[in-house]
Amino acid sequence: MELNSKNIKKILLIIFLGALILTAFQNFGLVILGVKKIFNIFSPIIAALCIAFVLNIPLNMFENKVFKFWDKSKHKLVLKLKRPVCLLLTYLLALGIVSLLILVIIPDIIETITYLAEKMPSFMLDVKNWLEGLLERFNIEQSDILDIEINWKSAANTIIAWISGSSGKIVDSAVNITASVLSGIFDTVFSLVISVYILAGKEKIGAFVKRTLGAFLKPKTNSFISHIAEKTNESFSRFIGGQLFESVILGTLCFIGMTIFRFPNALIISVLICVTSLVPVVGAAVGTVIGFLLIVITNPIKAIFFVLFVVILQQIEGNLIYPKVVGKAVGLPGILVVSAVLVGGNIGGVFGALIGVPTVAVLYTLLKEMVDFSTSEKIKD
C-alpha cells in the first residue's frame, strides 16, 4: 500500500475507530449508563417520532384514499386544507380509539373489583371448605394445619401503626409520584405537539435529510442509505398495520369464544387480550393471566377451562393467523415470521420480539434484490 496522505488518513481513522470500540467494550457499563441518560433527555422527541410514525399510516389512508379526489380540485384553498383536515381526522381517530378503550375497560374494571371485594369472604370460605374436604379424603388431621382466619381488627391496627411510623416516607413517595405523573403528562403533551409538526411537514423534513446526506456523502452511498431507509419504512409500516389487524382478529375470536362458552367478563378480557397481543407471541399471555385472575375468583373451574381455551386459540393464532396476516403484510414466509419473533425475543426480550419481524423483512427484501441483481447480471454475461 502506498503511504500517501489519503491512505494515511484511512489508517488513522481505522486506528481511531478500533481504539474507540475497544474503550467502549472495556467501559460497557458506563456506555450503557450514558446511552440511558441520552435516551431520557431526548425521550419526548423519540416518543414524538414513534407517534408520528404510527399515525402516518392512517394519515396516508386519509390523504391517498379517502380525500384523494381533493387533488383534482382547482381551488388552492382546498389543496391547502387537505393536510390539516387529514391530520385532524387522524388525531381524532386515535383519540377516539383510546377513549373507547378507556370507556369500555374502566367501568368493567370498577365493576369487577367491586364484585371481587363482595365475593372475597365467600371465596375464602369455599377455599377453606375445599381444603377441609381434601384433608378428610387423605385422612389428615385439621389440627396439623393453621386455621384460615383473619383478625381484621388486629390487621387494621397494624396498618395504622405502619402508616404512622412511615408517614414521612409516604409523603415523600406521594410527592415523587405526583411529580413523575405531572412530568409524564407534560412529556406526552409535548410529544404529541412535536408529532403534529413532524406529520405536517414530513415531506420538507425528508427533503432536508436527503440534502444533508447528499452534502456529506458520495452519491452512491447516499442512494444506498436512502434505499435502505425506504425499505425499512415500508416494512415497519406494513408490520404495524398487520399487527393491529391481527390483534383485532384475536380479540374478536376471543370474545366470540368466551360468549359461546359463557365465560364471565368476556368483553374486558377480550379487549385486554387484543391490546396486549400487540406485542408478538408473548403479549397475549399477559392478557391470559389477567383474565384467569378475573375468572378464578368467581368460578375456578371455568378459569381453568378459560386458560385451555386461550392456549388453543393462541396456537391457532400463532401458527396459522399470525404468520399469514403479518407475513403477508411484510412480505415474509410464515416460517420466517415465527423464527424472527422467537430469535428477536431471545435476543432483546419484548422489544426484540417487536422489531424482529420488520427487521428480518428488510434484510429479506435486500437479499432478494441482491439475488435478483446477481442473477440478471449472470444472464447478461
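The values are calculated or read from the model by the stated rules, or taken from the named source; none is laboratory data. Just so you know, these numbers come straight off a predicted model, no measurement behind them. For neighbour counting, all protein chains shown are included, and Cβ atoms are generated from backbone atoms with ideal geometry for every residue, glycine included.
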Determine whether the stretch 266-289 contains at least one residue that is assigned to a helix (DSSP H, G or I) and either among the aromatic types (F, W, Y) or not assigned by TED's automatic domain parsing to the domain that holds G356 (or both).
no
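Across the stretch 61-91, what is the number of residues that are free of Cβ contacts under 8 Å to residues at least 24 places away in the same chain and closer than 17 Å to S237 by Cβ? Walk me through how you get there before you give the answer.
Step one: list which residues in the stretch 61-91 are free of Cβ contacts under 8 Å to residues at least 24 places away in the same chain, which gives 61, 63-82, 85, 88.
Next, only the ones that are closer than 17 Å to S237 by Cβ stay: 61, 63-65.
Residues that pass the stated criteria total 4.
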If we scan the stretch 59-67, do we find a residue that is part of a helix (DSSP H, G or I) and exposed (fewer than 12 other Cβ atoms within 10 Å of the Cβ)?
yes
